[in-house]
Amino acid sequence: MKKFKMPSAYTILFAIIIFVAILTWIVPAGKYDYTAENTPIPGSYHLVDPTPQGLTDVALAPINGFYGAVDVALFVIVIGGFLGVVMKTGAIDAGIARVVHKLQGREKIMIPFLMILFGLGGTSFGMAEETIAFYPLLIPVFIAAGYDTLTAVGVILLGAGMGVLGSTVNPFATGIASGFAGISLGTGIGLRLFILVIGEIVAIIYVMRYAAKVKADPSKSLVYNMYEDNKKHFLAQDNESDFPELNSKRKLVLALFSLTFAIMIYGVIPFSDINITAVPTWGWWFGELTSLFLVSSIVIGLIYGMDEDELISSFVAGARDLLGVALIVGLSRGITVVMNAGNMTDTVLSLGEEALSGLGSSVFAVLTYLFYIPMSFLIPSTSGLATLSMPIMAPLGDFAGVSRDLVITAYQSASGTVNLLTPTSAVVMGGLAIARVPYNTWLKFVLKFMVVVVVMIMAILGISAVI
């Protein structure tokens, strides 16, 4: 019997388009009346003439979806080009490698320091695949200091993972979700920052306690059966020489990289929402943000000394890496296109309004988080899941009295939770493979931590909904 293989996000999303098109022949068509801010008016739902979707509509849905999401898709592509240029300079790799070198002999301090750095990468630009390069660098350092390979995995995977879970301005999670929820990327940044700080603190304490236990008694290591073999394997390697030097140009690149995200944050924060009326808001949206990263890519490339060919090829290569994400955004949007054309979207909202009529805002916030956990397993693409779900979930929050930014926070927290341990993640499985840590051992290590994280997030969301 052939082993079952999970279909890709593209296949799942296209299957959903077909399924939704079939539902338009069955589900009653209806409409809400909407306010000027494009929020549905409770109790205004009414039936309209059905417009069932056929084969032609299914075939056109991804194309029309891409047209409707072209601003988001272009933003993703340009962000990819920006990261391609920055990674080509080697600045990020050189910066973290310098930190590792400076803190050798003080590995206990290295754990929180590195986890904070990886967390900053996760919360700002969704640092995930980029962490793979650091396993060969950090594992020998931690083994030589008397720790084990699992300590290094915890530092990298939980450090960056909690940053992604607490995404403040991560363009691939928070940014795309905010776009399809119709709110500013900066709305709700305070709560997301709180989750980031608390989450990183809990992760650091968890990893440091495990590391201290292993150093005091190596037999307490969950990979103790590979202790001697891992020492022979990893300590024979010299991986630090594989990383570039942190010279003055790379320091300047890191400064410009940080400045770009600082400008983005300033550009999108709605100061009126936090009662800072004296500060002018730029009110930026995807057009301005895309231009920011495009200009920053050029500036960084020129300052680093790239010639025209190198700059363009680095940008194109980075954009190519995220082309699949942009296509998923369009494909996901195609589902909404079919639902809207079949006058089914508001019917689903009406069912949600009825279901929420007896629920409080706290319950809705917690249920939204729990809903997104299995959805994140089904659709591992954070951008695809945001595009697919936000046109429905954000208005449902309106009915429950929950702000749309809280719905986004629930979504990204659930996605971040799942991505810490899902076996479908190349980041998880790739890191474990390099560290020679079996997947079941990782689950054993991370399970208690995951329970703490889930309870913590649900409590924060529930209390925030009331406040």
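Of the residues making up the stretch 419-440, those that are over 19 Å from L385 (Cβ atoms), assigned to a helix (DSSP H, G or I) and open to solvent by 20 Å² or more (accessible area, probe 1.4 Å) are M429, G430, A433, I434, Y439, N440.
What do you reckon, is I373 in a helix (DSSP H, G or I), under 30 Å from P50 (Cα atoms), out of contact with any Phe, Trp or Tyr (no Cβ under 7 Å at 6 or more places or on another chain) and not charged (D, E, K, R)? When the stated conditions are applied, I373 does not pass them.
Within the stretch 405-427, residues that are closer than 19 Å to I176 by Cβ and touching a residue at least 12 places away in the same chain (Cβ under 8 Å) reach partners that are outside any helix (DSSP H, G or I) and among the aliphatic types (A, V, I, L, M) with beta carbons closer than 7 Å, at six or more positions or on different chains, in the pairs D405/I183; V427/A128. Only residues that are modelled with pLDDT of 90 or more, closer than 25 Å to V86 by Cα and open to solvent by less than 80 Å² (accessible area, probe 1.4 Å) were counted in the stretch 222-251, giving 2. Against the list (1) of a type outside the set (A, V, I, L, M, F, W, C); (2) closer than 24 Å to M429 by Cβ; (3) assigned to a helix (DSSP H, G or I), the condition Y147 fails is (3). Summed over the stretch 124-176, residues that are touching a Phe, Trp or Tyr at 6+ places or on another chain (Cβ under 9 Å) and on the phi > 0 side of the Ramachandran plot total 1.
For the stretch 61-71, which positions are assigned to a helix (DSSP H, G or I), surrounded by 24 or more Cβ atoms within 10 Å (Cβ to Cβ) and at pLDDT below 90?
Residue satisfying the conditions is G65 alone.
The set of residues in the stretch 376-393 that are farther than 19 Å from T123 by Cβ, among the hydrophobic types (A, V, I, L, M, F, W, C) and open to solvent by less than 10 Å² (accessible area, probe 1.4 Å) comprises I379, M390. Among residues of the stretch 61-76 that are among the polar types (S, T, N, Q), those with a beta-carbon under 7 Å from a residue that is open to solvent by less than 30 Å² (accessible area, probe 1.4 Å) at least six positions away or on a different chain give the pairs N64/G334.
So that you can scan it fast, the table gives a plain yes or no per residue for (1) open to solvent by less than 10 Å² (accessible area, probe 1.4 Å); (2) basic (K, R); (3) part of a helix (DSSP H, G or I):
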| residue | (1), (2), (3) |
| --- | --- |
| A319 | no, no, yes |
| A326 | yes, no, yes |
| V329 | yes, no, yes |
| G334 | yes, no, yes |
| N343 | no, no, no |
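Among the residues of the stretch 92-112, the one identified as crowded, with 20+ Cβ neighbours inside 10 Å and either part of a loop (DSSP other than H, G, I, E, B) or at pLDDT 90 or above (or both) is I111.
Condition first: in contact (Cβ under 8 Å) with a residue 24 or more places away in the chain and of a type in the set (A, V, I, L, M, F, W, C). Now tell me which residues in the stretch 82-101 satisfy that.
F82, L83, V85, V86, M87, A91, I92, A94, I96, A97, V100
Against the test of being open to solvent by 10 Å² or more (accessible area, probe 1.4 Å), more than 24 Å from L432 (Cβ to Cβ) and part of a loop (DSSP other than H, G, I, E, B), the options I183, I198 yield a single qualifying residue, I183. Checking every residue in the stretch 156-176 against the condition of being over 27 Å from T387 (Cα atoms) and open to solvent by less than 10 Å² (accessible area, probe 1.4 Å) gives at least one match.
If I filter the stretch 46-59 down to residues being within 34 Å of the chain's Cα centre (by Cα) and in contact (Cβ under 8 Å) with a residue 60 or more places away in the chain, which single residue comes out as farthest from L327 (Cα to Cα)?
Out of the qualifying residues, it is Q53.
The values are calculated or read from the model by the stated rules, or taken from the named source; none is laboratory data. Quantities reported herein were computed from a predicted structural model and do not represent experimental measurements. Cβ atoms come from the backbone with ideal geometry, glycine included; neighbour counts cover every protein chain shown. Areas reflect the complete protein model, heavy atoms only, side chains present, ligands, DNA and RNA absent. Shrake-Rupley method; radii C 1.70, N 1.55, O 1.52, S 1.80 Å.
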